[in-house]
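Readers should treat all values here as calculations from the given coordinates under stated rules, not as data from a laboratory. Being a predicted model, the structure only gives us computed values, none of them experimental. For neighbour counting, all protein chains shown are included, and Cβ atoms are generated from backbone atoms with ideal geometry for every residue, glycine included.
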Amino acid sequence: MSAVATLLLALFAAGPASATIKYRVSLAHNEEHLFQVEMEIPNVAQGTEVAMPVWNALYQVRDFAVRIHDLQLVQPAVLNLSAPPAILLAVNKQTWRIVLPQSQGSAAPQGATVILRYSIEWDDAGPFNSQLDAHHAFVNFAEILLYLPTRRSESTDLAFTDVPAEWKLVAELPSGDEPNSFSAESYDALVDAPLEAGKFSSFSFDNQGAHFRVAVDGDNWNKRNLEDYLRGITSYELRLMGGPPFKEYTFFLHIGPYPEVGGGGMEHANCTAISAPSVESAGAIAAHEFFHAWNVKRIRPQTLEPVDYSKEQPTRALWFAEGVTSTYGAYTLERAGLWTKDQFYGDLAMQIDDLESRPARRWESAEGSSLAAWLEKYDDYNTPGRSISYYNKGQLIGVFLDLSIRDATDNQKSLDDVLRAMNAEYAKAGKFYDESDGIRQVVEEVSGGDYKSFFQRFVSGTDEIPYQTFLSAAGLELKTQTTESTDLGFRPEAQMNKSVMVTNLEPGSAAEAAGIRDGDIILPPRDKSSSKDTIEWLAQRAAGDPLVLRIRRGGQELELSFLVSSHEDRQYSISEISHPSEKQRRIRDGWLHGATGQ
């Protein structure tokens, strides 16, 4: 081996004794929204690959690698190199291979320590993204940190540098050895714990053996009100599930009138990040997100384990993981006294209205909606004629499954018992359930009944839900108020070129029968000139009017006519019947208070 090759080997092998992967993140360029990252990788073998996740926080492939600037492998400073330099070789859009130097006739050094540097740009508000600006930083680490696909289980150290004066940092991670640093037992643990940096406010409280930290960025909030909400939520859900599965939990809250007011929350094993315009809306989101500490983070379908950061990870179980979590979000708000009974009934009626307003309920099942979650980033998929929501239908399935169990067992068992059983059988045993079949098996164990038909009809199937049948078990009545409105059978949508396109054509509509097709261009009426005029003209049509449309399709111009239709708009409400039976009363009281055996 040459002297130069010997020197190279010594330099590369002089890495840390333990296989801890180290990251240093500079916030020096916060006004340019650039995180500057240095990644130190010990014990690198020839051909080791590094990658950037393609998804995180949302069931959407977002290709975070597109945000990377100037990715470089740092070379050792050696004079008179006779060997080629170490390089990063692109494998695909999010993966690079480390090619170590080797002299002619000698093997590449093993156990090398390699340093990568890059910048990554993020200025997207909200709990599903990352953001760096002059005001603060919020980081979902899978969105900014490269990883080693074959070494995800190794420990990591993370340090922040160039932190602006007066900023503080908080993450649900152990503190590191230096200021503004953290450690994690693995990459997976690291990226399941976001970080907030800035001049945020904070407070803490203890509840049922767990310590809770609250970090709040925003002005439009009151500490006493917020703490009351969070204490009420955590008290009920901890009691429901038999205590905390963690020692400490952090609420990251962005509250107030700035770009994150759209609202939303993201669950993590020991924390949640929430953006909301007010304390009340933050509390409503927290009731859902905190229950994820059990359902989906620990009571978890096998299809989501282990996490695959490189591609879509479809599952049929989001109706349960997300939808039934929404069931318990509403239960928590009512049972903890944060909602009135009428608010709870109103929310349930609104969920029914939402599902009934989506024609797609007739052909997309709760399982199908779960599998198609990866299409939600496309606007057209989210329209009523194209899809339903696994949140919405899953919440309803949870409610009616609960009422069904209570009815069949004379209120001796409930969905609460199912969640506790799944926590014991799966989460605490370190096991994962088998999609909807695994859920059904526990339901049958708890209830002693056969729920195959229920799951076939309402979970994997598209049968209409007999709302009144389920509600009657609790002495409740579903009321409907109807109004009529004009229905073109499609949605006219203005395009960038000022044309008007047919979108969301409703199957079976008069427009479809007349030959109208999605993507058709509607030409302006003879006396109109702009797309705005055309859309206003269409909006003025009434049910029963004859409508003649000039259509351009490809190179053809067609003239198609039909009668404008109407459709019924329904508004639902839920009320208690005046003379419930003794069993109905017991079920309703048990359901509202989260109790059985009455």
Item to check | Computed FRET value (nearest 0.05) for residue 185 with residue 28, which takes r as the C-beta separation and R₀ as 35 Å | outcome: 0.75
Checklist outcome for this item: Answer in debye to the nearest 20: the dipole magnitude of segment 201-293 about its Cα centre, from +1 Lys/Arg and -1 Asp/Glu charges placed on Cβ, is 240
Checklist entry - Which of 229, 255, 216 sits farthest toward the positive end of the charge dipole of segment 198-326, with +1 on the Cβ of Lys and Arg and -1 on the Cβ of Asp and Glu? => result 229
Checklist entry - Roughly speaking, what is the centre-to-centre gap between segment 214-261 and segment 19-51 when only Cα atoms are used, to the nearest Å? => result 32
Checklist entry - Where Rh denotes the Kirkwood radius from the mean inverse Cα pair distance, what is Rg over Rh for segment 489-563? => result 0.92
Checklist entry - Hey, what number do you get for the chain at 222 nm if only DSSP H runs of n ≥ 4 count, each worth -39500 (n - 2.57), divided across all residues, to the nearest 500? => result -8000 deg cm²/dmol
Checklist outcome for this item: Sorted by chain and then number, the residues having a modelled amide H within less than 5 Å of the amide H of residue 28, at least 5 places away or on another chain, are 36
Checklist entry - So between residue 479 and residue 421, what do we pick up on full extension, going 0.36 nm a residue minus the alpha carbon distance? => result 17.4 nm
Checklist outcome for this item: In whole angstrom, the spacing between the Cα centers of segment 498-560 and segment 305-339 equals 41
Checklist entry - Taking the Cα centre of each part, how many Å lie between segment 406-446 and segment 341-400? => result 23
Item to check | Relative contact order for the chain, counting Cα pairs under 8 Å that sit 6 or more residues apart, in percent | outcome: 10
Checklist entry - With each pseudo-label sitting 7 Å past Cα toward Cβ, what's the residue 235-residue 178 distance in nm, one decimal? => result 4.5
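Could you give the length gained by full extension between residue 539 and residue 558, i.e. 0.36 nm per residue of separation minus their alpha carbon distance, to one decimal place? Walk me through the numbers before you get to the answer.
Working: separation 19, 0.36 × 19 = 6.84 nm, distance 2.13 nm.
Result for the pair: 4.7 nm of gain on full extension.
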Checklist entry - Magnitude of the Cβ-charge dipole of the chain, K/R +1 and D/E -1, about the Cα centre, nearest 20 debye? => result 680
Item to check | Pairs from 297/431; 393/479; 413/452; 93/377; 93/311; 428/452 whose Cα-Cα separation, in the structure shown, is over 22 Å | outcome: 428/452
Next on the checklist: In whole Hz and in residue order, list the ³J(HN,Hα) couplings for segment 337-346 that follow from phi through the Karplus curve 6.51 cos²θ - 1.76 cosθ + 1.60, θ = phi - 60°; x for Gly and Pro.
Outcome noted: x, 8, 10, 7, 4, 5, 5, 5, 4, x
Item to check | Relative contact order of segment 452-510, defined on C-alpha pairs under 8 angstrom at six or more residues apart (%) | outcome: 18
Checklist entry - How are the C-alpha pair distances of segment 203-331 spread across 5 Å bins, as whole percents from the shortest bin up? => result 2, 10, 21, 23, 19, 14, 8, 3, 0
Checklist entry - Which of the aspartates and glutamates could a cross-linker bridge to residue 247, judged by Cα under 14 Å and excluding same-chain residues fewer than eight apart? => result 172, 206
Item to check | Given charges at Cβ of Lys, Arg, Asp, Glu: the chain dipole, positive-most of 201, 146, 47 | outcome: 47
Checklist entry - Which GluC sites (Glu not before Pro) does segment 444-479 hold that lie in a coil by DSSP with at most 16 other beta carbons within 10 Å? => result 464
Checklist outcome for this item: For the chain (alpha-carbon point model, no solvent) the Debye-based log₁₀ I(q)/I(0) at q = 0.09, 0.12 Å⁻¹ works out to -0.85, -1.24
Next on the checklist: List the residues, sorted by chain then number, that are 5 or more residues from residue 487 or on another chain and whose placed amide H is less than 5 Å from its amide H.
Outcome noted: 565, 566, 567
Item to check | Efficiency of FRET between residue 494 and residue 247 - r from beta-carbon atoms, R0 60 angstrom, step 0.05 | outcome: 0.65
Checklist outcome for this item: Under the Karplus relation with 6.51, -1.76 and 1.60 and θ = phi - 60°, whole-Hz ³J(HN,Hα) for segment 442-453, x at Gly and Pro, equal 6, 4, 5, 4, 6, 8, x, x, 9, 10, 4, 5
Checklist entry - Mind listing the phi-derived Karplus ³J(HN,Hα) values for segment 219-234, rounded to whole Hz, using 6.51, -1.76 and 1.60 with θ = phi - 60°, and x for any glycine or proline? => result 10, 8, 7, 10, 4, 5, 4, 5, 5, 4, 4, 5, 5, x, 5, 5
Item to check | Label-point separation, residue 280 to residue 92 (7 Å along Cα→Cβ), nm | outcome: 4.8
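Taking Rh as the Kirkwood radius computed over C-alpha pairs, what is the Stokes-Einstein D of segment 314-417 at 37 °C in a medium of viscosity 0.692 mPa s, expressed in µm² per second? Walk me through the numbers before you get to the answer.
Details: Rh = 14.4 Å.
Result for D is 228 µm²/s.
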Checklist entry - What is the extension gain from residue 431 to residue 201, computed as 0.36 nm multiplied by their sequence separation minus the C-alpha to C-alpha distance, in nm to one decimal? => result 79.0 nm
Item to check | Positive-end residue of 332, 187, 404, charge dipole of the chain with Cβ unit charges | outcome: 187
Next on the checklist: Under a crude label model (7 Å from the Cα following the beta-carbon direction), how far is residue 526 from residue 548 in nanometres?
Outcome noted: 0.7
Item to check | Rounded tilt (10° steps) of 325-335 against the dominant C-alpha axis of the chain | outcome: 70
